[in-house]
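See structure below.
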Amino acid sequence: MRRKFIHIIFYLCCICLFQQPANAQDPHFSQYFSSPLTFNPALTGYFDGTQRLAFTIRNQWANIGEPYTTATVSYDSKILKNKIGSNDRWGLGVLALYDQSSGGIFKNNYISLSTAFHKGLDAEGNQSIGIGIQAGYARNSVDFNRISFSNQYTNGGFNLSIPSGETVNNQSVSYADVNAGIIYNYGDENGNLFTMGASIYHILRPRLSFFSGNNTSLQRRYGVHASANLNSGDRNYFFVSSHLMQQAGANEVVFGAAYGLGIGETDLHLYLGAWLRVKDACYPYIGLRSSNYQLGLSYDVTSSDLARAKGFSGSSELSFIYFFNKENRKGIPCFF
(Lines give C-alpha, C1' and ligand atoms only; values in the text may rest on other atoms or scores of the structure.)
Protein backbone atom coordinates (compact mmCIF):
# COMPACT_ATOMS: atom_id res chain seq x y z
CA MET A 1 0.00 0.00 0.00
CA ARG A 2 2.87 2.33 0.80
CA ARG A 3 4.40 1.73 -2.63
CA LYS A 4 1.00 2.36 -4.28
CA PHE A 5 0.79 5.65 -2.40
CA ILE A 6 4.26 6.64 -3.63
CA HIS A 7 3.19 5.85 -7.21
CA ILE A 8 0.13 8.09 -6.86
CA ILE A 9 2.14 10.99 -5.48
CA PHE A 10 4.68 10.61 -8.29
CA TYR A 11 1.95 10.70 -10.96
CA LEU A 12 0.31 13.74 -9.43
CA CYS A 13 3.64 15.55 -9.31
CA CYS A 14 4.11 14.87 -13.03
CA ILE A 15 0.69 16.35 -13.76
CA CYS A 16 1.34 19.40 -11.60
CA LEU A 17 4.49 20.13 -13.58
CA PHE A 18 2.34 20.78 -16.63
CA GLN A 19 -0.42 22.72 -14.87
CA GLN A 20 1.79 25.18 -13.04
CA PRO A 21 3.95 27.57 -15.07
CA ALA A 22 7.70 27.66 -14.58
CA ASN A 23 8.03 24.45 -12.55
CA ALA A 24 9.20 21.82 -15.04
CA GLN A 25 12.91 21.08 -15.37
CA ASP A 26 14.87 19.56 -18.22
CA PRO A 27 16.32 16.05 -18.07
CA HIS A 28 19.97 16.17 -17.07
CA PHE A 29 22.91 13.81 -16.73
CA SER A 30 25.29 13.37 -13.84
CA GLN A 31 28.10 12.80 -16.38
CA TYR A 32 27.37 16.09 -18.10
CA PHE A 33 30.93 16.14 -19.41
CA SER A 34 30.10 13.01 -21.46
CA SER A 35 26.95 14.44 -23.06
CA PRO A 36 28.26 17.64 -24.65
CA LEU A 37 25.36 18.53 -26.97
CA THR A 38 22.79 18.40 -24.15
CA PHE A 39 24.99 20.63 -21.99
CA ASN A 40 26.25 23.48 -24.19
CA PRO A 41 25.71 23.95 -27.96
CA ALA A 42 29.15 25.59 -28.16
CA LEU A 43 30.70 22.16 -27.51
CA THR A 44 29.63 21.05 -31.00
CA GLY A 45 32.79 20.09 -32.90
CA TYR A 46 34.87 20.77 -29.79
CA PHE A 47 37.02 17.66 -29.47
CA ASP A 48 40.26 16.15 -30.72
CA GLY A 49 39.44 14.24 -33.89
CA THR A 50 37.30 14.63 -36.99
CA GLN A 51 34.06 13.03 -35.79
CA ARG A 52 32.52 12.10 -32.45
CA LEU A 53 29.73 9.69 -31.50
CA ALA A 54 28.36 9.96 -27.95
CA PHE A 55 25.82 7.84 -26.09
CA THR A 56 24.47 8.16 -22.53
CA ILE A 57 21.73 6.30 -20.69
CA ARG A 58 20.44 7.10 -17.21
CA ASN A 59 18.22 4.90 -15.02
CA GLN A 60 16.78 7.02 -12.22
CA TRP A 61 14.68 6.27 -9.11
CA ALA A 62 14.31 2.59 -10.01
CA ASN A 63 12.48 1.67 -6.79
CA ILE A 64 9.77 4.34 -7.06
CA GLY A 65 7.43 2.62 -9.48
CA GLU A 66 8.90 2.19 -12.94
CA PRO A 67 12.37 3.70 -13.42
CA TYR A 68 12.80 7.15 -14.91
CA THR A 69 14.87 6.47 -18.03
CA THR A 70 16.70 9.03 -20.14
CA ALA A 71 18.86 8.17 -23.15
CA THR A 72 20.63 10.34 -25.69
CA VAL A 73 22.80 9.78 -28.73
CA SER A 74 24.67 12.49 -30.62
CA TYR A 75 27.02 12.78 -33.56
CA ASP A 76 29.09 15.80 -34.48
CA SER A 77 31.84 16.43 -37.01
CA LYS A 78 34.35 19.07 -38.04
CA ILE A 79 33.45 20.76 -41.33
CA LEU A 80 35.22 23.00 -43.86
CA LYS A 81 38.64 22.31 -42.34
CA ASN A 82 40.38 23.41 -45.53
CA LYS A 83 38.36 26.63 -45.73
CA ILE A 84 39.09 28.08 -42.28
CA GLY A 85 42.23 28.91 -40.29
CA SER A 86 44.48 26.10 -39.07
CA ASN A 87 43.64 26.93 -35.43
CA ASP A 88 39.93 27.37 -36.04
CA ARG A 89 37.22 24.74 -35.68
CA TRP A 90 33.73 24.58 -37.15
CA GLY A 91 31.42 21.80 -36.04
CA LEU A 92 28.04 20.45 -37.08
CA GLY A 93 26.08 18.02 -34.92
CA VAL A 94 22.80 16.20 -34.43
CA LEU A 95 21.28 15.02 -31.15
CA ALA A 96 18.38 12.72 -30.28
CA LEU A 97 17.01 12.36 -26.74
CA TYR A 98 14.39 9.99 -25.32
CA ASP A 99 12.97 10.44 -21.85
CA GLN A 100 10.24 8.44 -20.10
CA SER A 101 8.85 7.94 -16.61
CA SER A 102 6.32 5.69 -14.87
CA GLY A 103 6.59 2.91 -17.41
CA GLY A 104 5.94 5.20 -20.35
CA ILE A 105 3.06 7.26 -18.94
CA PHE A 106 5.12 10.35 -19.66
CA LYS A 107 7.38 10.48 -22.72
CA ASN A 108 9.62 13.15 -24.17
CA ASN A 109 11.25 12.84 -27.61
CA TYR A 110 13.66 15.50 -28.76
CA ILE A 111 15.87 15.99 -31.82
CA SER A 112 18.15 18.91 -32.60
CA LEU A 113 20.72 20.22 -35.05
CA SER A 114 23.60 22.36 -33.78
CA THR A 115 26.60 24.21 -35.14
CA ALA A 116 29.49 26.01 -33.46
CA PHE A 117 32.50 27.98 -34.60
CA HIS A 118 35.69 28.19 -32.53
CA LYS A 119 38.15 30.95 -33.37
CA GLY A 120 41.83 30.54 -32.48
CA LEU A 121 43.13 33.56 -30.60
CA ASP A 122 46.87 33.03 -30.98
CA ALA A 123 49.31 31.62 -33.51
CA GLU A 124 50.13 28.60 -31.35
CA GLY A 125 46.51 27.49 -31.06
CA ASN A 126 46.56 27.56 -27.25
CA GLN A 127 43.56 29.86 -26.90
CA SER A 128 40.18 29.87 -28.59
CA ILE A 129 36.68 31.19 -28.13
CA GLY A 130 33.60 29.62 -29.63
CA ILE A 131 29.88 30.24 -29.98
CA GLY A 132 27.22 27.70 -30.83
CA ILE A 133 23.53 27.58 -31.63
CA GLN A 134 21.11 24.67 -31.55
CA ALA A 135 17.64 24.34 -33.09
CA GLY A 136 15.42 21.56 -31.80
CA TYR A 137 12.00 19.98 -32.07
CA ALA A 138 10.33 18.14 -29.17
CA ARG A 139 7.20 16.10 -28.59
CA ASN A 140 5.94 15.47 -25.04
CA SER A 141 3.09 13.06 -24.37
CA VAL A 142 1.14 11.83 -21.34
CA ASP A 143 -1.06 8.71 -21.33
CA PHE A 144 -3.88 10.05 -19.15
CA ASN A 145 -5.79 6.78 -19.52
CA ARG A 146 -3.21 5.15 -17.25
CA ILE A 147 -3.30 7.83 -14.54
CA SER A 148 -5.64 7.56 -11.56
CA PHE A 149 -7.26 10.61 -9.93
CA SER A 150 -8.78 11.09 -6.49
CA ASN A 151 -12.42 10.77 -7.61
CA GLN A 152 -11.61 7.35 -9.14
CA TYR A 153 -10.76 5.89 -5.74
CA THR A 154 -13.49 3.55 -4.55
CA ASN A 155 -13.78 0.43 -2.40
CA GLY A 156 -10.15 0.60 -1.34
CA GLY A 157 -8.69 0.96 -4.82
CA PHE A 158 -8.68 2.95 -8.07
CA ASN A 159 -11.19 2.25 -10.83
CA LEU A 160 -10.00 3.80 -14.08
CA SER A 161 -13.37 3.17 -15.74
CA ILE A 162 -14.85 5.96 -13.61
CA PRO A 163 -14.56 9.39 -15.34
CA SER A 164 -11.67 11.36 -13.89
CA GLY A 165 -13.44 14.71 -14.09
CA GLU A 166 -10.32 16.31 -15.56
CA THR A 167 -10.49 18.33 -18.79
CA VAL A 168 -7.52 17.30 -20.91
CA ASN A 169 -6.93 19.43 -23.99
CA ASN A 170 -3.95 17.54 -25.43
CA GLN A 171 -2.51 14.06 -25.01
CA SER A 172 0.72 15.34 -26.59
CA VAL A 173 2.40 18.70 -27.12
CA SER A 174 5.02 19.51 -29.77
CA TYR A 175 7.21 22.58 -30.00
CA ALA A 176 10.29 24.06 -31.68
CA ASP A 177 13.04 25.67 -29.67
CA VAL A 178 16.45 27.38 -29.88
CA ASN A 179 19.48 27.09 -27.55
CA ALA A 180 22.84 28.88 -27.57
CA GLY A 181 26.21 28.83 -25.82
CA ILE A 182 29.71 30.24 -25.62
CA ILE A 183 33.02 28.66 -24.56
CA TYR A 184 36.61 29.78 -23.93
CA ASN A 185 39.63 27.46 -23.94
CA TYR A 186 43.21 28.02 -22.79
CA GLY A 187 46.20 25.66 -22.75
CA ASP A 188 49.58 26.47 -21.23
CA GLU A 189 53.09 25.29 -22.07
CA ASN A 190 52.95 22.54 -19.41
CA GLY A 191 50.02 20.74 -21.02
CA ASN A 192 47.39 22.07 -18.62
CA LEU A 193 44.06 22.85 -20.27
CA PHE A 194 41.26 25.07 -18.99
CA THR A 195 37.70 25.64 -20.19
CA MET A 196 34.97 28.08 -19.21
CA GLY A 197 31.53 28.36 -20.79
CA ALA A 198 27.92 29.47 -20.50
CA SER A 199 24.68 28.40 -22.13
CA ILE A 200 21.01 29.31 -22.39
CA TYR A 201 18.27 26.87 -23.36
CA HIS A 202 14.64 27.44 -24.44
CA ILE A 203 15.28 30.93 -25.77
CA LEU A 204 11.86 30.94 -27.47
CA ARG A 205 10.07 29.80 -24.28
CA PRO A 206 7.75 27.44 -26.17
CA ARG A 207 4.22 26.81 -24.93
CA LEU A 208 3.83 23.52 -23.05
CA SER A 209 0.34 22.77 -21.74
CA PHE A 210 -1.81 19.63 -21.68
CA PHE A 211 -4.86 21.23 -20.06
CA SER A 212 -7.40 23.61 -21.56
CA GLY A 213 -7.37 27.15 -20.27
CA ASN A 214 -3.65 27.11 -19.41
CA ASN A 215 -0.94 29.04 -21.21
CA THR A 216 2.19 27.51 -19.70
CA SER A 217 5.61 28.22 -21.22
CA LEU A 218 8.80 26.25 -20.79
CA GLN A 219 11.18 28.28 -18.66
CA ARG A 220 14.66 29.19 -19.87
CA ARG A 221 17.59 27.24 -18.50
CA TYR A 222 20.81 29.12 -17.75
CA GLY A 223 24.16 27.46 -17.11
CA VAL A 224 27.80 28.31 -16.47
CA HIS A 225 30.61 25.79 -16.23
CA ALA A 226 34.37 25.49 -15.80
CA SER A 227 36.84 22.63 -16.00
CA ALA A 228 40.55 21.93 -15.98
CA ASN A 229 42.64 19.00 -17.15
CA LEU A 230 45.94 19.20 -15.28
CA ASN A 231 49.07 17.32 -16.29
CA SER A 232 50.38 15.72 -13.10
CA GLY A 233 53.40 14.10 -14.74
CA ASP A 234 54.30 10.50 -15.56
CA ARG A 235 51.35 10.27 -17.98
CA ASN A 236 48.78 10.96 -15.26
CA TYR A 237 46.09 13.65 -15.31
CA PHE A 238 43.83 15.36 -12.81
CA PHE A 239 40.44 16.45 -14.13
CA VAL A 240 38.26 18.87 -12.16
CA SER A 241 34.97 20.41 -13.24
CA SER A 242 31.93 22.26 -11.93
CA HIS A 243 28.76 23.84 -13.19
CA LEU A 244 25.78 25.88 -12.04
CA MET A 245 22.39 25.60 -13.72
CA GLN A 246 19.24 27.58 -12.99
CA GLN A 247 15.75 26.92 -14.33
CA ALA A 248 12.33 27.89 -13.03
CA GLY A 249 13.74 29.10 -9.73
CA ALA A 250 15.58 25.82 -9.09
CA ASN A 251 19.37 25.84 -8.85
CA GLU A 252 21.75 22.93 -9.47
CA VAL A 253 25.33 23.21 -8.25
CA VAL A 254 27.75 20.40 -9.15
CA PHE A 255 31.49 20.04 -8.60
CA GLY A 256 33.95 17.19 -8.50
CA ALA A 257 37.16 15.67 -9.80
CA ALA A 258 38.73 12.50 -11.17
CA TYR A 259 42.31 11.31 -11.35
CA GLY A 260 43.51 9.58 -14.51
CA LEU A 261 46.17 6.90 -14.16
CA GLY A 262 48.16 5.83 -17.20
CA ILE A 263 48.00 2.08 -17.80
CA GLY A 264 51.27 0.48 -18.88
CA GLU A 265 52.83 1.76 -22.07
CA THR A 266 49.45 2.25 -23.80
CA ASP A 267 47.48 5.46 -24.26
CA LEU A 268 44.76 4.08 -21.95
CA HIS A 269 43.92 5.89 -18.71
CA LEU A 270 41.82 4.75 -15.76
CA TYR A 271 39.85 7.60 -14.15
CA LEU A 272 38.58 7.40 -10.57
CA GLY A 273 36.68 10.24 -8.94
CA ALA A 274 33.43 11.62 -7.58
CA TRP A 275 31.09 14.57 -8.04
CA LEU A 276 28.69 16.27 -5.62
CA ARG A 277 25.32 17.67 -6.63
CA VAL A 278 24.65 20.02 -3.70
CA LYS A 279 21.66 19.07 -1.52
CA ASP A 280 20.83 16.15 -3.77
CA ALA A 281 23.44 13.45 -4.37
CA CYS A 282 27.07 12.39 -4.42
CA TYR A 283 28.12 10.10 -7.23
CA PRO A 284 31.36 8.14 -7.60
CA TYR A 285 32.73 7.82 -11.13
CA ILE A 286 34.93 5.26 -12.85
CA GLY A 287 36.03 5.67 -16.45
CA LEU A 288 38.42 4.56 -19.16
CA ARG A 289 39.86 7.00 -21.66
CA SER A 290 42.05 6.33 -24.69
CA SER A 291 42.83 8.33 -27.80
CA ASN A 292 39.78 6.83 -29.50
CA TYR A 293 37.12 6.30 -26.85
CA GLN A 294 35.84 7.31 -23.44
CA LEU A 295 33.73 5.02 -21.22
CA GLY A 296 32.19 6.12 -17.93
CA LEU A 297 30.00 4.67 -15.18
CA SER A 298 28.54 6.56 -12.23
CA TYR A 299 25.97 5.95 -9.50
CA ASP A 300 24.07 8.66 -7.64
CA VAL A 301 23.92 8.14 -3.87
CA THR A 302 20.96 10.34 -3.04
CA SER A 303 20.98 12.54 0.04
CA SER A 304 17.73 14.47 -0.61
CA ASP A 305 14.30 13.66 0.88
CA LEU A 306 13.77 10.95 -1.77
CA ALA A 307 16.33 8.82 0.04
CA ARG A 308 13.83 8.38 2.89
CA ALA A 309 11.35 6.51 0.69
CA LYS A 310 11.12 2.82 1.59
CA GLY A 311 13.18 0.72 -0.77
CA PHE A 312 14.51 3.78 -2.60
CA SER A 313 17.68 3.35 -4.60
CA GLY A 314 19.81 5.88 -6.45
CA SER A 315 20.44 6.43 -10.14
CA SER A 316 22.90 4.69 -12.43
CA GLU A 317 24.39 6.18 -15.58
CA LEU A 318 26.52 4.79 -18.39
CA SER A 319 28.26 6.88 -21.06
CA PHE A 320 30.34 6.08 -24.12
CA ILE A 321 32.09 8.38 -26.61
CA TYR A 322 34.01 7.31 -29.70
CA PHE A 323 36.39 9.67 -31.48
CA PHE A 324 37.06 9.05 -35.18
CA ASN A 325 40.41 9.86 -36.82
CA LYS A 326 42.30 11.07 -33.81
CA GLU A 327 44.33 14.19 -34.55
CA ASN A 328 47.50 15.40 -32.87
CA ARG A 329 47.05 19.14 -32.87
CA LYS A 330 47.27 21.93 -30.36
CA GLY A 331 44.29 23.42 -28.65
CA ILE A 332 42.87 20.06 -27.53
CA PRO A 333 39.70 20.74 -25.49
CA CYS A 334 39.99 19.94 -21.80
CA PHE A 335 36.31 19.21 -21.34
CA PHE A 336 37.30 15.65 -20.52
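The values are calculated or read from the model by the stated rules, or taken from the named source; none is laboratory data. Model, not experiment: these values are computed from the prediction. Positions of Cβ are backbone-derived with ideal geometry, glycine not excepted, and every protein chain shown enters the neighbour counts.
Table for the structure above
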{"read-out": "Criterion violated by I200 - all others in (1) outside any loop (DSSP other than H, G, I, E, B); (2) touching a residue at least 24 places away in the same chain (Cβ under 8 Å); (3) β-branched (V, I, T) satisfied", "value": "(2)"}
{"read-out": "Sole residue being at pLDDT below 90 and hydroxyl-bearing (S, T, Y), chosen from T44, T56, T69", "value": "T69"}
{"read-out": "Sole residue being modelled with pLDDT under 80, farther than 19 Å from T72 by Cβ and among the hydrophobic types (A, V, I, L, M, F, W, C), chosen from F117, F149", "value": "F149"}
{"read-out": "Residues of segment 234-270 that turn out to be outside any strand (DSSP E or B), among the small types (G, A, S) and surrounded by 14 or more Cβ atoms within 10 Å (Cβ to Cβ), as a count", "value": "1"}
{"read-out": "Some residue of segment 60-74 being in a helix (DSSP H, G or I) and either of a type outside the set (G, A, S) or touching a residue at least 60 places away in the same chain (Cβ under 8 Å) (or both)", "value": "no"}
{"read-out": "Every residue from segment 81-124 that is of a type in the set (G, A, S) and crowded, with 19+ Cβ neighbours inside 10 Å", "value": "G91, G93, S101, S102, S112, S114, A116, G120"}
